[in-house]
Amino acid sequence: MTTKEKILQSALELFAVQGIRATALSQIAREVGIAKPSIYNHFASKDVIIEEMYQYYRSQAVNNNDFTIQDLEKFIIVHDAEEILKRVVASYENMYAEKNTVLFWTLIHSEKLHDETAYQIVCEETEKMIGKTRWLLEKMASCGKMSEENLDGKVICFAYAIESLQIEKLMNKRHGKSNQIIDERIEKLVETIASVF
């Protein structure tokens, strides 16, 4: 593991326990076993550390997803709306299978009200999810799997509902709680949306 990776790992662990604002760069340096000024060889600030974490864990989450856009396009053609939405939700869940990825996203969501960088990351990720949902529902509509009527409303409804439930699942996973009830809610949501859309 490089020094830069050690800084990211130590920062993540300290942020998760103490919070972003309460963690000093000197604590991160001490945890890594370097002098505080050495951190600046890798990162200009704590915000840059958080942004680099975001890029790292986002790319890791995307790499954990075994369902490509090409796979999804083929899947849409031969399956009904409910099966398509179930597969998309499963794919989304697979992206957050790694322990540190779960830790990062639970940290970002729990800090978004107090930390501007965390808030910006959540906003950016939400916009990406809305864009991907728009692509999905437009593709489903073009294949006759759903109506094109009120597409904007459908995009917002599906994206925010799934995002909200997935955040709850991440929090439960982080704290060792069961996700059975949330899984049932997601299943009911997918069934309802598939029949209404």
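Here the chain is assigned +1 on the Cβ of each Lys and Arg and -1 on the Cβ of each Asp and Glu. Its dipole about the Cα centre then comes out at about 620 debye. Which longest run of the chain has no exposed loop site in it, a site being GluC sites (Glu not before Pro) in a DSSP loop with at most 13 other beta carbons within 10 Å, and the site itself not part of the run? Answer - 1-147. Relative contact order, whole percent, for the range 49-196 stands at 28, derived from Cα pairs under 8 Å and 6 or more residues apart. Here the chain has an Rg and Dmax of 19.1, 61 Å, counting Cα atoms alone.
Net length available on complete extension from Q60 to S26 is 9.5 nm, with 0.36 nm assigned per residue and the Cα-Cα distance removed.
Please identify the trypsin sites (Lys or Arg not before Pro) of the range 143-197 that satisfy two criteria: DSSP loop assignment and at most 14 other Cβ atoms within 10 Å. Which are they? Answer in residue order: K177. Taking +1 at the Cβ of each Lys and Arg and -1 at the Cβ of each Asp and Glu, which of L14, I108, N65 sits farthest along the dipole of the chain towards its positive end, judged by Cα position relative to the Cα centre? Among L14, I108, N65, the one farthest towards the positive end of the dipole of the chain is L14.
For the range 65-197, the residue among M140, I156, I167 whose Cα projects farthest onto the positive side of the dipole built from Cβ charges is I167. 3J(HN,Hα) along the range 51-67, derived from phi through the Karplus expression 6.51 cos²θ - 1.76 cosθ + 1.60 where θ = phi - 60°, amounts to 4, 5, 4, 4, 4, 5, 6, 5, 5, 5, 5, 5, 5, 6, 7, 8, 10 Hz, with x in place of Gly and Pro. Consider a paramagnetic label point 7 Å from the Cα of S142 along Cα→Cβ; state which residues of the range 41-77 have an amide N under 13 Å from it. It comes to 70, 73-74, 76-77, nothing else. Checking the cross-link pairs K145/K169; K4/K169; K86/K169; K99/K139; K112/K132; K86/K139 against a 26 Å limit on the alpha carbon distance flags K145/K169; K4/K169; K99/K139 as lying beyond it. Please work out the Cα center distance from the range 143-160 to the range 1-79, rounded to the nearest Å. Going from one Cα centre to the other spans 33 Å.
Since every read-out is calculated from the coordinates, none of them should be taken as a lab result. None of the values given here were measured: they were computed from a predicted structure. With ideal geometry, Cβ positions are generated from the backbone for all residues, glycine too; neighbour counts draw on all protein chains shown.
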